[in-house]
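Novice: Could you have a look at this structure, given as structure tokens, before my questions?
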Ligand SMILES: Nc1ncnc2c1ncn2[C@@H]1O[C@H](COP(=O)(O)OP(=O)(O)OP(=O)(O)O)[C@@H](O)[C@H]1O
Ligand SMILES: [Mg+2]
């Protein structure tokens, strides 16, 4: 080990700046997550639509936006698009767009698998009662598919929170961006990165715990009143950000 | 026929055919050379008001598909289904919105007036028994939540499931699930009930109860088409029997006659196999 003088006092001194960064990270993640939840569902519905061109379009969408890393999309959208079209998106908006496009493509696949996992007899029973296609979907198919999709969608949220740090590359002062900036001025990289890492971990553990609670509530009827996944089970289920195989 | 005329015909209770199917053809995987199968090959049937028609036949002969053609869950490729004076074919008018709307309305008329009970119950697992029964009345008939709730409890009582109204399907036995499924169909106040092997997935000791329920329904005057392997039920409750094999009706006649003295050799072979 090299001679290194720990300067832990830097962390509380930077707390204000870090908290501001954390707030941006939360906003960026929450907005991107909400938008990709909606966009992902739309793309999934297109993939399952009767119209062939629509299906092809949705398929292309999911393939393109899952093909490259977020890093590439962020740079492309922020620098590439603005250079060609002369629109300056701003770092926050560029981050939201990149995160949303990429994650909605993954979410579309999660939704699609979940919708297809619902027993065909469910749809038939609803149609036989005289419900139209839209009501069949909203009352019968989607509520069941949604429960199946929850773990995958939560993993996606975890990914969004982690990946949002990449947006620092275009200069957004989110938690990561703020940390990088502080490190260059305060010269305490170990202390600052440790603090930031702890913040991310706590954030993600909190999301996982909330998700386990949600899942437990949603699954109540399936177990006839059991107690739901144990803490160990949900820690295994939400592998803290691994992508769900689709 | 116009909708008004159809409703009038329904109300007049003409004592005639409730449903008539003519020349029904149905294939699956059409257009895929290898996988295409021609399941129904020109099936005719008619059921009069209050009549119980029992459909029997070997596995894969197209019995379920036939039932699903009648309410257009699986629209026939050719042929027509006349129900309470409406006549529909599987061809959806795609061009003109007005015709399309008339078609959709007729479809809804068929489905809201034809109840269906499935082999695997197909209850909605995310809803309580009461909500399962109330879904059709609220979302397809437009009843208020309160009216639907009332009707739901009434129908559940009728099949002896009143106490299970708040339970989820996962908390019910197979027999209880099927009772709820019957209540769900009856809550629509249907003119015709389709039963697709309603007892095939049940434990032997639970079959009798469901058959009893179906018998009671038949005695109350309900028009029914029943796909079943329960020959005792067919003989006792059925008015007519229709034997299907490989997508055609091989033999048709009075329930007792067909089961006790089948004329066609395929019917004989099937019955001796099933009764042994
Ligand atoms: N949705 C579908 N797609 C493709 N093939 C189908 C479909 N539904 C039914 N089939 C095929 O159609 C044939 C007839 O099926 P159907 O379910 O109508 O028979 P069944 O007489 O009800 O048999 P069982 O007594 O086993 O219920 C079978 O070969 C089946 O594999
Ligand atoms: Mg069948």
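Novice: Just need log10 I(q)/I(0) for segment B:182-276 at q = 0.19 Å⁻¹, Debye formula, equal scatterers on the alpha-carbon atoms, no solvent, rounded to two decimals.
Specialist: -0.97
Novice: Right, another one. Assuming R0 = 25 Å, what is the FRET efficiency of residue B:147 and residue B:91, from their Cβ-Cβ distance, to the nearest 0.05?
Specialist: 0.10
Novice: Which percent of Cα-Cα pairs in segment A:69-203 sits in each 10 Å bin, short to long?
Specialist: The distribution over segment A:69-203 is 11, 28, 24, 19, 12, 5, 1, given as percents.
Novice: Also, quick follow-up: Could you please rank A:134, B:112, placing first whichever residue has the fewest other Cβ atoms within 10 Å of its Cβ?
Specialist: Least crowded to most crowded, the residues run A:134, B:112.
Novice: Across the residues of B:129-136, average count of Cβ atoms on other protein chains within 10 Å?
Specialist: Per residue, the number of nearby Cβ atoms from other chains is 2 on average.
Novice: Between residue B:212 and residue B:82, what is the spin-label point distance in nm, taking each point 7 Å from the Cα along the Cα→C-beta axis?
Specialist: 4.0
Novice: Something else now. How shielded is B:115-127 by partner chains, expressed as the average number of their Cβ atoms within 10 Å of its Cβ atoms?
Specialist: Mean shielding by partner chains, rounded to a whole number: 5.
Novice: Still on this structure, please answer the following. Per DSSP helix of 4 or more residues, -39500 (n - 2.57); summed, then divided by the residues of chain B. What does that give at 222 nm, rounded to the nearest 500?
Specialist: So the helix-based figure for chain B works out to -12500 deg cm²/dmol.
Novice: Summarise the partner chain shielding of B:106-114 as one whole number: the mean count of Cβ atoms from other chains within 10 Å of each residue's Cβ.
Specialist: 3
Novice: At 1.002 mPa s and 20 °C, plugging the Kirkwood radius over alpha-carbon pairs of segment A:10-237 into Stokes-Einstein gives what diffusion coefficient in µm²/s?
Specialist: Estimated via Stokes-Einstein, D reaches 109 µm²/s.
Novice: Taking R0 as 56 Å, what FRET efficiency do you get between residue B:104 and residue A:3 from their Cβ-Cβ distance, rounded to the nearest 0.05?
Specialist: Using R0 = 56 Å, I get an efficiency of 0.10.
Novice: Can you give the relative contact order of segment A:60-104 as a percent, counting alpha carbon pairs under 8 Å and 6+ residues apart?
Specialist: Over segment A:60-104, the number comes to 45 percent.
Novice: Sticking with this structure for a sec: Among B:152, B:61, A:139, B:80, what is the fewest-to-most ranking by other Cβ atoms within 10 Å?
Specialist: With the sparsest Cβ surroundings first, the list reads B:80, A:139, B:61, B:152.
Novice: Do you know the relative contact order of chain A, to the nearest whole percent, from alpha carbon pairs under 8 angstrom that are 6+ apart?
Specialist: Across chain A, relative contact order equals 27 percent.
Novice: Report relative contact order for chain B in percent, whole number only (criteria: Cα-Cα under 8 Å, sequence separation at least 6).
Specialist: Dividing the mean separation by the residue count of chain B yields 23 percent.
Novice: Modelled label-to-label distance, residue B:34 and residue A:83, 7 Å Cα→beta-carbon offset: nm?
Specialist: 4.9
Novice: Calculate how steeply helix A:189-218 sits against the longest principal axis of the alpha-carbon atoms of chain A, using the helix alpha-carbon long axis, and give the answer as 0 to 90 degrees to the nearest 10.
Specialist: That works out to roughly 20 degrees.
Novice: Still on this structure, I have one more. Please report, to one decimal in angstroms, the Kirkwood hydrodynamic radius of the protein assembly as shown built from all distinct Cα-Cα pairs.
Specialist: After inverting the mean inverse Cα-Cα distance, the result is 27.0 Å.
Novice: Sort B:229, B:25 so that the residue with the fewest other Cβ atoms within 10 Å of its own Cβ comes first and the one with the most comes last.
Specialist: B:229, B:25
Novice: What residue among A:194, A:178, A:25 shows peak mean-square fluctuation when chain A is described by a Gaussian network model with Cα springs under 10 Å?
Specialist: A:194
Novice: Then there's this: Could you work out the mean projected area of the convex hull around the alpha carbons of segment B:3-275, in square nanometres to one decimal?
Specialist: The number I arrive at for segment B:3-275 is 15.8 nm².
Novice: Obtain the nm distance between the two label points defined at residue B:120 and residue A:75 by a simple spin-label model: each point lies 7 Å from its Cα along the Cα-to-C-beta direction.
Specialist: My value for the distance between the label points is 5.0 nm.
Computed from the coordinates by the stated procedures, all read-outs in this text should not be read as laboratory data. Just so we're clear, the structure is a prediction, and the values are computed from it rather than from any experiment. Cβ: placed from backbone, ideal geometry, glycine included. Neighbour counts: every protein chain shown.
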